[in-house]
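Data block below; observations after.
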Amino acid sequence: MNLNRDAFKVDPNENHHTIKLAIDAIKKNIPCDNEFCEHKWYYKNLLSGNGFQRVRECQNNNWKPYILIDKHRPSKLAIQNASHKQILCWFHIMKTFSENLNKWQIPAKFRYPIALAFKIVGRS
């Protein structure tokens, strides 16, 4: 997973459980908006005894990022369960649409104009 202040990328090789854990860990470690807060944190051992987690005493509970995903189903499930806003990658939208035009046996001469119209409407 790549992470910076405003965005992060989750590898689609993960499953929905590990993706949700990563998103929850990020969410729990974003400090509150109070400029006078010291944003204290500490480490706590996991109940399983297999490690530890960082616990922040204050949290920003308003963090609901837009997350760009491909058509990877586990990513979609993890994000839905975490109640985040999701955006499907435009490349994957158009790729799936093109595959469906083939499946629906739309003649080749109509595929490009239909895809172009879909793209124009989708981006407006």
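Label-to-label distance for residue 33 and residue 87 is 2.1 nm, based on points extended 7 Å past Cα in the beta-carbon direction. Pairs exceeding a 24 Å alpha-carbon distance, out of 20/119; 64/119; 76/119; 27/119; 20/64: 20/119; 64/119; 27/119.
Values in this text are rule-based calculations from the coordinates and carry no lab data. Here the structure is a predicted model, which means the values were calculated and not measured. Please note: Cβ atoms are built from the backbone with ideal geometry, for glycine as well, and neighbour counts cover all protein chains shown.
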